[in-house]
Structure formats: structure tokens, C-alpha cells
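Before any comments, here is the structure.
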Amino acid sequence: MKRLLLSLSGVMLLSGIITAQNAPVLGYNKEFKKTQTGDEQVFYQDEMTQRLSNYDDTIWFDSFDDENIWLINNQNANGWDISQTTQTWYFQNTSINSTTGGNYAVLVPDNPDGSQSATLHTITTAAPIDISMYAGQNLVLHYEKYGARFLDTLKVQVSNDGTTWTTLDLNVYFPILTTAGGSVTENPASRDLFIPASIVNGNDLFIRFRWEADHATQPAIGYGWFIDDIAVFDVPANDLVIDQTAFFDDVRLLYSWYYGAMPERQAETDEITFSATYVNRGSANATNTALELTVSGQESQVFTSTTQNLAAGATADTARTTTVYAPSAGEGTYTFTWEIISDSTDEIQANNMVSLDMLVTENEFSMAPLPISAANIVGKGGSANPYVITQDYFFNTEDTITSIGAAFDSEWTNVGASFQLSLQDSEGQIVTQSDIFLVEQWMVTDDMVYFPVPEVVIPQGAYEARFEVFSDSLFLVTCQDPIPPIEPAPGGGFFSRTTLSFGGNNFIEDMVYLTLRTKIPAICNPNAQVSALVLDTGEIGSIEITDVTGLTCCLYDYAWTGPDGFTDDEADIDGLTVKGEYAVVVTDVEGCTATDTFDVQGSVNTEDFFTSSNVSIFPNPTSGNFNLKFDDAKGEYNVNI
């Protein structure tokens, strides 16, 4: 039904070696299990340690205590190893904090400071796992991991015959780790991978971890992976799981998260429907399943899709609500909750519900959540070279843009980098564009700074906000989608709505705080003031602005006027040779003003005497004695010679 022009493209291509920052951030992690049921001896070192899975019924488990269970290809110093002491070139002082401890499997890639290779490395179960009692139904593969990715991929695969493999996990749902940001996983991160009935179609199951480093333009760089505590679980009878959620008719990867903030004018004219895809991961058929969408917070509404029956292991066609909705209850937080319901009581209810918040604001329009502190991850968007970041916006009704905002990362951004912000229409034409700015220290706060653009009426339609960097070392604060996909599909990636252009390539980055402000009637502070220092003790005067209070900090326009038609648009003025009153009007990005007048009373130089028709001095030059003659002079005079 609508109407965002969004693009996904490519993979980041860099040359040379990039040194990454080891800064752990949030990875995907299941909730701890609250009760000890099933084969707890499998996952418990002691009574205080809990497994990281929602599933109870263990079919098979291994913690690498017996190395003979696994086959390693290409066994060498830079490949897979089963150990409790081996580390990698990057993770030199740490290893996986697995649930059971002891041995783990570790992939040790070549150190990029040395020779590079693109060798394929696998570790595979030596003998098949007997699943004859479960053939034809769904199962779950669980594992724990710790690591990071760059020019490599860790795949988790299963097979019935050890020859034909199906990939369950690509490990690409968190950002690549570079100097521009990214992350390592939690230690450990836990994954429950759904094995559909179509794969569990025989008596045997093989498991394989496959490390690929087949970068097209340069030898691979990998940081290493730790794997431990692998299990195959049976599934409960009733377990519906949300796969993807969306605003609008069809589920697309980019629509799981709409806007973090919308101006009230845009929100109340919106046209939203809701949709989801979901999977029956239970062992029993599910009847009368449906999507129930609840709006809460600023207002309360409930929408429900039509019902459908769903066989075990099947994926539902997209469930859609049909009623058009607009957040029209004014400013505030609107919480949207997708929940899959059916005739049966779901045994793992946490995975059939997803909630997202959207803030309706007075005039802020943002793809990322506002305020910045609401983001679940702070990262670094950008690169060490010139680049362009774009974000797509759709205006539901005519509006006016006054400024475009960005947040500069205080850890990485260098003062002096030059940049420009603009808004383009769907034809690629610039609608409005800021000046070219240089980063100043006051801008670098990890918080929003708004840069004024010429006010232009924006008709309804699709637009692209652009942030163009002309010099290096400017990094933006970013965040990841608040709800990552539960199971990224093979071929998927890190889901975002920001496209970064660099080196002739486009690739996906974290969600950048690239925010628009629309025009509202300004509520200005009538007590706004300008303070200045007047320097006029010599023959040439100057005025230096020392403080502005009561206006929105800190990008101001200045308009000076003074004697003899004087004008200037700089903050500070100097070289003043005419005495008198100089007035300044300071305007902020909201259009509010502060005004004041400053009196320059400095000395007048000798040339001023000789340009006067009623004053003369003689003799000139003089040895020290001279005469002043005033013609038609009245009043008092101060004379400096």
C-alpha cells in the first residue's frame, strides 16, 4: 500500500588492513529458562548455571569433551581446533564463556599482519545423529558462540546424508566490525535455529560449522569464532513464532521498523496497515491462527487479520490487517504489538509477540528512535574517507523543512571535517540544501545538532535525506533495529534503512540519526539576549560576541547594522573606524531572534581632522609646537593628536 523508497545493496569493499575496536555490544540472546525441566544434567555444571534455550526436550548434546565426535578438514595452525586454551590473533586474552565450560571449538584464522589465505574450514559431526523417532516433524538446533566478522562468514548447516547441506544460520545479522563501528557478539551469544520438517525427513542428521573466506578482491580477514554446547531439541506441540513484522500490506525486511518519530502533521495523515509472517514450530497443527495488532500508549486500538490453519512446520502467508490506521491522538508514544493467536495455548509465548514504539512529535521526523538515549546500540556510521549517507522519507502531506539534524560520535569524530546536508526528491533533484559546515567542538556531543536549510514547501511524496562528508574522520552516532529478526533467512543480512556510498559502492550501515525538523509556529523566548565585548580604546574598534542566551544553541545567523550604512553577517566585527551605535540581530534555527545595540566610542585619527572643513592644524609637520584653528565651532571637543 505505501510508499517508502528504500534500497539494499552490496557489500562493503575496503583496501588494506583495518584495525577493529574490541567493544562488545548487545547481541541476540534468548531469555534464561526459569525452570529446570528435561535433561538438565546436560546443561548444568552446577545448580546455579542455567541453559540459554527455551526448549526442554534434548535429543542430542555435545560440549566438545570428546574430540572424536567431530571431523575437522584442513587441520592446520590456522583452522578449527578443539581445545580449552586456544585463542585467536584478535581474541588474544579471552575465549568463550560457555554454559558448561571445558573444551570448545575455535576457528583461528590467519593474522592479517601475516600472509593471507582464503581456505575453507569446516568442522562436522563424524557420525550421524539418530533422529528416526522424530522424522517428518520440526526440530531445533541450539549452539553457543562468541566472535566477530569482517571479510568472512560462519555458516551453520545441517544435512540428512552428509552431502547435501542446508544453511540455517549465516551469522550476518550484526554489523561488520571495522574502525567505523560494528560489534562482537555477547560472550556467549545463544542461538536456537529452527530445523523444519522438510529437512528432518530421514533417520540421520549431520551438523556442520563452515567458515568461508572468499572475498572477491582481497584475501580474507577474520577475527575468529568460538563454538560450544551444541544440542538438538524436540519441539513442543504448540509453538507459533513471529518470523517478520511490518507496517503496510506486505512483509518486507525493511518494514519491521517504521519511523522512530513522526511530526503530528505527518502522523495524523498517515495510512498504515500491519502485517506479519509466522511459523508453526510446534509438532501439532495449529487452527484459526491470526495476527492481532494492538495499539497502546497514546491511544488504544486492536486490529485482527483473517484466520488461517497452519500445519506443523509450515510458514503462514502474510497475515494482514485491513483497516487503515493513522496515529491521530496527538503527541506521545504509540506502542504497536504484533501477536500471533490461535485456538491452542502457545507453550512459548515470548516468541509470538513483538512490540515497537513510535513517538509522535511536534516537528521531528526520524527513522531512528528519539531521543538518542532510547537506542539500544550506539555505533559508528561512516568511514575514514569521504562518503555519503542517505535515508528515505515519505511525506504524507505537504510540509516545510527548516533543518536537518545529525549526531556526531565523540569518540571518533575529528574537529574540522567538512560536510553538507540536503533533501532530494524522487527524481534526484535537490529540494533544499544547507551550507557547507566544518565540525566544531561544540557539535561533537553524541546528541542531535540541527543545521538550518532554506525553508521550502515539501509536497506529498518520497524524498531522500542526504549527509555528504567531504573530508575524512567524521563519524555519526547510529543504532541498530530494536528487534532483530528471530531467525535471519539464508541470504539475509543486517537489516537497516540507511545506505552508505563509499569508494563507488553502496552498502548497508547502522541506522543513522539523520533527522528532519518541520516548520511550526515558533515559540520564542522574549528575554533572549546577546552579550558582547566592545574594544575601542584605539583608533580602530571591534565588537566580539561573548554569549547568546534564550535561543536554540548554537548555529546562529548574524545581521549587523551601523553608522554610514555599515552591514556585516559575521559573529564578530572589527576594523571599525566610525564611532556610533552598532546593532545586531541573532537568529537561531527556529527563526527566533535576540537583538542588542553596542556603542563604539573610540578615538578618531588625524586624517579625520583634515577631512573636516572647520578644523585646521599648523604648522604641519611640526617640531612639537602647533596651532589648532576651529571655524564656526560650538560646544566641547576632545582632541587626540
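The values are calculated or read from the model by the stated rules, or taken from the named source; none is laboratory data. These numbers were taken from a predicted model, which means no experiment stands behind them. Glycine also receives a Cβ, built like all others from the backbone with ideal geometry; neighbour counts cover every protein chain displayed. Side chains are part of the model used for accessible areas, which takes the heavy atoms of the whole protein and leaves out ligands, DNA and RNA. Shrake-Rupley method; radii C 1.70, N 1.55, O 1.52, S 1.80 Å.
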Legend entry - Hits in region 326-344 (condition: open to solvent by less than 40 Å² (accessible area, probe 1.4 Å), within 26 Å of E268 (Cβ to Cβ) and in contact (Cβ under 8 Å) with a residue 40 or more places away in the chain): A326, P327, G330, T335, F336, T337, W338
Legend entry - Lone unmet requirement of (1) closer than 30 Å to R466 by Cβ; (2) of a type outside the set (K, R); (3) more than 37 Å from the chain's Cα centre (by Cα) for C553: (3)
Inset, instruction - Tell me which residues, restricted to region 200-233, are assigned to a strand (DSSP E or B), at pLDDT below 90 and either out of contact with any Asp or Glu (no Cβ under 9 Å at 6 or more places or on another chain) or within 16 Å of V279 (Cβ to Cβ) (or both). - result: F233
Inset, instruction - Give region 457-476 a look and list any residue that's at pLDDT below 90 and out of contact with any Pro (no Cβ under 8 Å at 6 or more places or on another chain), or say none. - result: S473, L474, F475, L476
Inset, instruction - Kindly indicate the residue of region 536-549 that is touching a Leu at 6+ places or on another chain (Cβ under 9 Å) and in a strand (DSSP E or B) and also farthest from V585 (Cα to Cα) among those meeting that condition. - result: G541
Inset, instruction - Go through region 97-108 and count every residue that is open to solvent by 10 Å² or more (accessible area, probe 1.4 Å) and not polar (S, T, N, Q). - result: 3
Inset, instruction - Consider only pairs whose beta carbons are under 7 Å apart and that are at least six residues apart or on different chains; among these, list those whose first residue lies in region 64-90 and is under 20 Å from T125 (Cβ atoms) and whose second residue is of a type in the set (D, E). - result: F64/D228; I69/D62; I82/E67
Legend entry - region 578-603, subset in a loop (DSSP other than H, G, I, E, B) and free of Cβ contacts under 8 Å to residues at least 60 places away in the same chain, residue least open to solvent (accessible area, probe 1.4 Å): D588
Legend entry - Breaking point among (1) surrounded by fewer than 21 Cβ atoms within 10 Å (Cβ to Cβ); (2) at pLDDT below 90, for T163: (2)
Legend entry - Matching residues in region 306-325 - criterion: being in a loop (DSSP other than H, G, I, E, B) and open to solvent by 60 Å² or more (accessible area, probe 1.4 Å): T306, T307, D317, T322, T323, V324
Inset, instruction - Quick one: count up the residues across region 54-86 that are touching a Gly at 6+ places or on another chain (Cβ under 7 Å), surrounded by fewer than 17 Cβ atoms within 10 Å (Cβ to Cβ) and at pLDDT below 90. - result: 1
Legend entry - Residue that is most open to solvent (accessible area, probe 1.4 Å) [pool: residues in region 345-379 that are in contact with a Gly (Cβ under 8 Å, 6 or more places away or on another chain) and among the small types (G, A, S)]: A374
Legend entry - Condition met for T185 (surrounded by fewer than 18 Cβ atoms within 10 Å (Cβ to Cβ) and hydroxyl-bearing (S, T, Y)): no
Legend entry - strands (runs of 3 or more DSSP E) contained in region 247-305 and holding at least 1 residues of a type in the set (D, E): 286-297
Inset, instruction - Hey, could you check region 545-577 for residues that are surrounded by 13 or more Cβ atoms within 10 Å (Cβ to Cβ) and among the charged types (D, E, K, R) and say which is farthest from M448 (Cα to Cα)? - result: D568
Legend entry - In region 510-544, the residues that are open to solvent by 50 Å² or more (accessible area, probe 1.4 Å) and over 28 Å from D572 (Cβ atoms): K519, P521, I523
